[in-house]
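Here is the structure we will look at.
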Amino acid sequence: MRRPLRLGVLGSGKGSNFRAIMEEIVGSRLDAEVRIVISDVEDSGILSLARDFQVPGLYVRPGRFRTKLEPEIEEDIARLLLEADVELVVLAGFMRIVKQPLLEAFPRKMINIHPSLLPRFPGLEAWKQALAAGEKVTGCTVHYVDAAVDAGDILGKETVPILSDDTPESLHARIQESEHRLLPAVIAGIAEEFRGAET
Ligand code: GRF
(Lines give C-alpha, C1' and ligand atoms only; values in the text may rest on other atoms or scores of the structure.)
Protein backbone atom coordinates (compact mmCIF):
# COMPACT_ATOMS: atom_id res chain seq x y z
CA MET A 1 0.00 0.00 0.00
CA ARG A 2 1.32 3.44 -0.83
CA ARG A 3 2.07 5.85 1.98
CA PRO A 4 0.52 9.31 2.18
CA LEU A 5 2.80 12.20 1.17
CA ARG A 6 4.57 13.45 4.29
CA LEU A 7 4.24 17.22 4.70
CA GLY A 8 5.86 19.81 6.93
CA VAL A 9 3.97 23.11 7.14
CA LEU A 10 5.56 26.43 8.07
CA GLY A 11 3.38 29.42 8.94
CA SER A 12 3.31 32.61 10.95
CA GLY A 13 -0.36 33.57 10.88
CA LYS A 14 -3.87 32.34 11.40
CA GLY A 15 -3.33 29.11 9.52
CA SER A 16 -6.41 29.02 7.30
CA ASN A 17 -4.39 27.35 4.51
CA PHE A 18 -3.15 24.71 6.95
CA ARG A 19 -6.76 24.17 7.99
CA ALA A 20 -7.76 23.74 4.33
CA ILE A 21 -5.04 21.10 3.86
CA MET A 22 -6.13 19.27 7.02
CA GLU A 23 -9.80 19.31 5.99
CA GLU A 24 -8.90 17.68 2.68
CA ILE A 25 -6.79 15.06 4.49
CA VAL A 26 -9.44 14.35 7.12
CA GLY A 27 -12.07 14.07 4.35
CA SER A 28 -9.84 11.54 2.52
CA ARG A 29 -9.63 13.78 -0.55
CA LEU A 30 -5.88 14.37 -0.15
CA ASP A 31 -3.50 11.45 0.28
CA ALA A 32 -1.07 13.23 2.61
CA GLU A 33 -0.23 13.58 6.27
CA VAL A 34 1.08 16.64 8.08
CA ARG A 35 4.01 15.40 10.16
CA ILE A 36 4.89 18.73 11.75
CA VAL A 37 3.83 22.39 11.87
CA ILE A 38 6.51 24.97 12.61
CA SER A 39 5.92 28.63 13.41
CA ASP A 40 8.06 31.62 14.27
CA VAL A 41 5.09 33.13 16.15
CA GLU A 42 4.41 31.52 19.51
CA ASP A 43 0.73 32.48 19.81
CA SER A 44 -0.12 32.02 16.12
CA GLY A 45 -3.41 30.60 14.96
CA ILE A 46 -1.58 27.93 12.98
CA LEU A 47 -0.05 26.44 16.16
CA SER A 48 -3.39 26.48 17.91
CA LEU A 49 -4.96 24.74 14.88
CA ALA A 50 -2.15 22.16 14.97
CA ARG A 51 -3.19 21.35 18.52
CA ASP A 52 -6.85 21.09 17.43
CA PHE A 53 -5.90 18.66 14.66
CA GLN A 54 -3.47 16.81 16.96
CA VAL A 55 -0.54 17.48 14.68
CA PRO A 56 2.84 18.15 16.35
CA GLY A 57 3.35 21.93 16.40
CA LEU A 58 6.62 23.61 17.26
CA TYR A 59 7.58 27.20 17.89
CA VAL A 60 11.04 28.23 16.74
CA ARG A 61 12.60 31.42 18.03
CA PRO A 62 12.41 34.18 15.43
CA GLY A 63 15.90 35.55 16.10
CA ARG A 64 17.08 39.10 15.63
CA PHE A 65 15.95 39.75 12.04
CA ARG A 66 12.43 40.67 10.97
CA THR A 67 12.19 39.27 7.44
CA LYS A 68 14.62 36.36 7.48
CA LEU A 69 16.01 33.80 9.93
CA GLU A 70 19.53 33.39 11.20
CA PRO A 71 21.34 30.44 9.53
CA GLU A 72 21.46 28.56 12.87
CA ILE A 73 17.69 28.83 13.21
CA GLU A 74 17.21 27.62 9.62
CA GLU A 75 19.48 24.69 10.43
CA ASP A 76 17.28 23.87 13.43
CA ILE A 77 14.15 24.00 11.26
CA ALA A 78 15.77 21.79 8.58
CA ARG A 79 16.73 19.27 11.25
CA LEU A 80 13.23 19.22 12.73
CA LEU A 81 11.70 18.68 9.28
CA LEU A 82 14.15 15.91 8.42
CA GLU A 83 13.63 14.22 11.79
CA ALA A 84 9.90 14.31 11.10
CA ASP A 85 10.64 12.51 7.81
CA VAL A 86 9.04 15.27 5.75
CA GLU A 87 9.07 14.90 1.96
CA LEU A 88 7.50 18.22 0.97
CA VAL A 89 7.65 21.53 2.86
CA VAL A 90 4.64 23.83 2.47
CA LEU A 91 5.02 27.51 3.28
CA ALA A 92 1.50 28.54 4.26
CA GLY A 93 1.75 32.16 5.31
CA PHE A 94 5.34 31.93 6.55
CA MET A 95 6.43 35.56 6.79
CA ARG A 96 10.17 34.99 6.50
CA ILE A 97 12.34 34.80 3.43
CA VAL A 98 13.81 31.30 3.30
CA LYS A 99 17.51 31.10 2.54
CA GLN A 100 20.28 28.53 2.71
CA PRO A 101 20.61 26.17 4.55
CA LEU A 102 16.88 25.42 4.66
CA LEU A 103 16.57 25.62 0.86
CA GLU A 104 19.50 23.26 0.45
CA ALA A 105 17.86 20.68 2.70
CA PHE A 106 14.71 20.60 0.50
CA PRO A 107 15.72 21.39 -3.10
CA ARG A 108 12.55 21.58 -5.26
CA LYS A 109 10.71 20.13 -2.30
CA MET A 110 9.38 23.37 -0.87
CA ILE A 111 6.31 25.23 -2.14
CA ASN A 112 4.67 28.55 -1.24
CA ILE A 113 1.21 30.07 -1.66
CA HIS A 114 1.22 33.73 -2.70
CA PRO A 115 -1.86 35.99 -2.85
CA SER A 116 -1.49 37.32 -6.42
CA LEU A 117 -1.09 36.06 -9.97
CA LEU A 118 2.71 35.89 -10.02
CA PRO A 119 4.85 37.33 -11.51
CA ARG A 120 2.46 40.26 -10.85
CA PHE A 121 2.74 41.73 -7.35
CA PRO A 122 5.40 39.78 -5.49
CA GLY A 123 6.13 40.84 -1.91
CA LEU A 124 3.92 41.87 0.97
CA GLU A 125 0.15 42.47 0.92
CA ALA A 126 -0.12 41.62 -2.75
CA TRP A 127 -3.92 42.07 -2.72
CA LYS A 128 -3.44 45.74 -1.73
CA GLN A 129 -0.96 46.15 -4.56
CA ALA A 130 -3.47 44.71 -7.07
CA LEU A 131 -6.25 46.97 -5.76
CA ALA A 132 -4.04 50.07 -5.87
CA ALA A 133 -2.99 49.24 -9.44
CA GLY A 134 -6.65 49.27 -10.54
CA GLU A 135 -6.60 45.62 -11.69
CA LYS A 136 -9.85 43.89 -12.61
CA VAL A 137 -8.60 40.43 -11.66
CA THR A 138 -6.01 39.02 -9.33
CA GLY A 139 -5.70 35.61 -7.67
CA CYS A 140 -3.25 33.29 -6.03
CA THR A 141 -0.23 31.27 -7.10
CA VAL A 142 1.53 28.19 -5.79
CA HIS A 143 5.19 28.03 -6.72
CA TYR A 144 8.39 26.24 -5.83
CA VAL A 145 10.55 28.15 -3.38
CA ASP A 146 14.04 29.01 -4.51
CA ALA A 147 16.55 31.74 -3.73
CA ALA A 148 14.54 34.40 -5.61
CA VAL A 149 11.64 35.77 -3.57
CA ASP A 150 8.16 34.85 -4.91
CA ALA A 151 9.73 33.83 -8.22
CA GLY A 152 10.23 30.03 -8.29
CA ASP A 153 8.64 27.84 -10.96
CA ILE A 154 4.86 28.09 -10.91
CA LEU A 155 2.81 25.00 -10.07
CA GLY A 156 -0.69 26.46 -10.24
CA LYS A 157 -2.73 29.65 -10.28
CA GLU A 158 -6.37 30.55 -9.68
CA THR A 159 -7.94 33.80 -10.83
CA VAL A 160 -10.17 35.92 -8.58
CA PRO A 161 -12.26 38.91 -9.75
CA ILE A 162 -11.75 42.34 -8.19
CA LEU A 163 -15.13 44.02 -7.63
CA SER A 164 -15.66 47.77 -7.83
CA ASP A 165 -16.61 48.02 -4.15
CA ASP A 166 -13.81 45.77 -2.87
CA THR A 167 -11.86 46.80 0.20
CA PRO A 168 -8.45 45.25 0.91
CA GLU A 169 -10.19 43.01 3.45
CA SER A 170 -12.98 41.80 1.15
CA LEU A 171 -10.52 41.13 -1.66
CA HIS A 172 -8.09 39.27 0.59
CA ALA A 173 -10.96 37.14 1.93
CA ARG A 174 -11.98 36.19 -1.65
CA ILE A 175 -8.36 35.36 -2.54
CA GLN A 176 -8.08 33.19 0.55
CA GLU A 177 -11.13 31.15 -0.47
CA SER A 178 -9.32 30.51 -3.71
CA GLU A 179 -6.06 29.65 -1.90
CA HIS A 180 -7.92 27.03 0.11
CA ARG A 181 -8.87 25.24 -3.13
CA LEU A 182 -5.61 25.72 -4.99
CA LEU A 183 -3.05 24.73 -2.36
CA PRO A 184 -4.52 21.29 -1.52
CA ALA A 185 -5.07 20.64 -5.25
CA VAL A 186 -1.42 21.37 -6.05
CA ILE A 187 -0.28 19.19 -3.14
CA ALA A 188 -2.49 16.37 -4.46
CA GLY A 189 -0.78 16.70 -7.84
CA ILE A 190 2.66 16.52 -6.23
CA ALA A 191 1.60 13.48 -4.18
CA GLU A 192 0.64 11.71 -7.42
CA GLU A 193 3.92 12.70 -9.02
CA PHE A 194 6.03 11.52 -6.06
CA ARG A 195 4.26 8.21 -5.78
CA GLY A 196 4.28 7.72 -9.55
CA ALA A 197 8.06 8.14 -9.54
CA GLU A 198 8.33 5.42 -6.86
CA THR A 199 6.43 2.73 -8.76
C1 GRF B 1 -2.11 33.88 2.65
O2 GRF B 1 -2.83 34.94 2.09
C3 GRF B 1 -0.93 33.51 1.79
O4 GRF B 1 -1.13 33.75 0.45
C5 GRF B 1 0.14 34.42 2.32
O6 GRF B 1 -0.09 34.49 3.70
C7 GRF B 1 -1.47 34.25 3.98
C8 GRF B 1 -1.57 33.15 4.99
O9 GRF B 1 -2.85 32.99 5.49
N10 GRF B 1 1.44 33.90 1.96
P11 GRF B 1 -3.21 31.81 6.52
O12 GRF B 1 -2.28 31.97 7.72
O13 GRF B 1 -3.01 30.51 5.82
O14 GRF B 1 -4.64 32.07 6.88
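The values are calculated or read from the model by the stated rules, or taken from the named source; none is laboratory data. Note that this is a predicted model, so its numbers are computed, not measured. In this analysis, Cβ positions are derived from the backbone assuming ideal geometry, glycine residues included, and neighbour counts consider all displayed protein chains. For accessibility, only protein heavy atoms count, side chains too; no ligands or nucleic acids. Shrake-Rupley method; radii C 1.70, N 1.55, O 1.52, S 1.80 Å.
Put simply, the stretch 1-87 fits an ellipsoid with semi-axes of 24, 16, 9 Å; these come from the alpha carbon gyration tensor as the roots of five times its eigenvalues, largest first. Classified by the C-alpha gyration tensor, the stretch 72-111 has a rounded form. Its axis ratio a/c, with a ≥ b ≥ c, is below 1.5.
Here the gap between SER48 and ARG79, fully extended at 0.36 nm per residue and compared with their Cα-Cα distance, gives a gain of 8.9 nm. In a DSSP loop and with at most 16 other Cβ atoms within 10 Å, the chymotrypsin sites (Phe, Trp or Tyr not before Pro) in the stretch 57-99 are PHE65. For the stretch 17-87, the relative contact order comes to 26 percent (Cα pairs under 8 Å, sequence separation of at least 6). Rounded to the nearest whole Hz, the Karplus-based 3J(HN,Hα) values (6.51 cos²θ - 1.76 cosθ + 1.60, θ = phi - 60°) of the stretch 33-41 follow the sequence 9, 8, 7, 7, 10, 10, 9, 8, 10, with x at glycine and proline. Plugging the Kirkwood radius over Cα pairs into Stokes-Einstein for the chain, at a temperature of 4 °C and a viscosity of 1.567 mPa s, what D comes out in µm²/s? It diffuses with D of about 76 µm²/s by this estimate. The stretch 44-142 gives an Rg/Rh value of 1.01, both radii derived from C-alpha positions and Rh following Kirkwood. Per atom type, the chain shows carbon and sulfur on 52% of its accessible surface, probed at 1.4 Å. Ellipticity at 222 nm from helices only: DSSP H runs of n ≥ 4 in the chain, each -39500 (n - 2.57), divided by the residue count, give -11500 deg cm²/dmol.
Net charge dipole, the chain: roughly 80 debye, given to the nearest 20, about the Cα centre with Cβ charges of +1 for Lys and Arg and -1 for Asp and Glu. About its Cα centre, the dipole of the stretch 1-118 is roughly 260 debye, where the only charges are +1 on Lys and Arg Cβ and -1 on Asp and Glu Cβ. Normalised by the number of residues in the stretch 21-60, the average gap of Cα pairs under 8 Å and 6 or more apart makes the relative contact order 39 percent.
Sequence-ordered 3J(HN,Hα) estimates for the stretch 160-169 from the Karplus curve with 6.51, -1.76 and 1.60 and θ = phi - 60° stand at 10, x, 9, 8, 5, 9, 5, 9, x, 5 Hz, glycine and proline given as x.
Loop-resident trypsin sites (Lys or Arg not before Pro) (DSSP state other than H, G, I, E or B) in the stretch 69-159 with no more than 13 further Cβ atoms inside 10 Å of their Cβ: ARG108, LYS136. Quick check: Cα centre of the stretch 57-77 to Cα centre of the stretch 136-167, how many Å? So the two Cα centres are separated by 26 Å. Please find the FRET efficiency linking ARG120 to ARG66, where r is the Cβ-Cβ separation and R0 is fixed at 25 Å, and quote it to the nearest 0.05. Computed FRET efficiency for ARG120 and ARG66: 0.50. About the centre of its Cα atoms, the stretch 91-156 shows a dipole size close to 80 debye [charges on the beta carbon of Lys, Arg (+1) and Asp, Glu (-1) only; nearest 20 debye].
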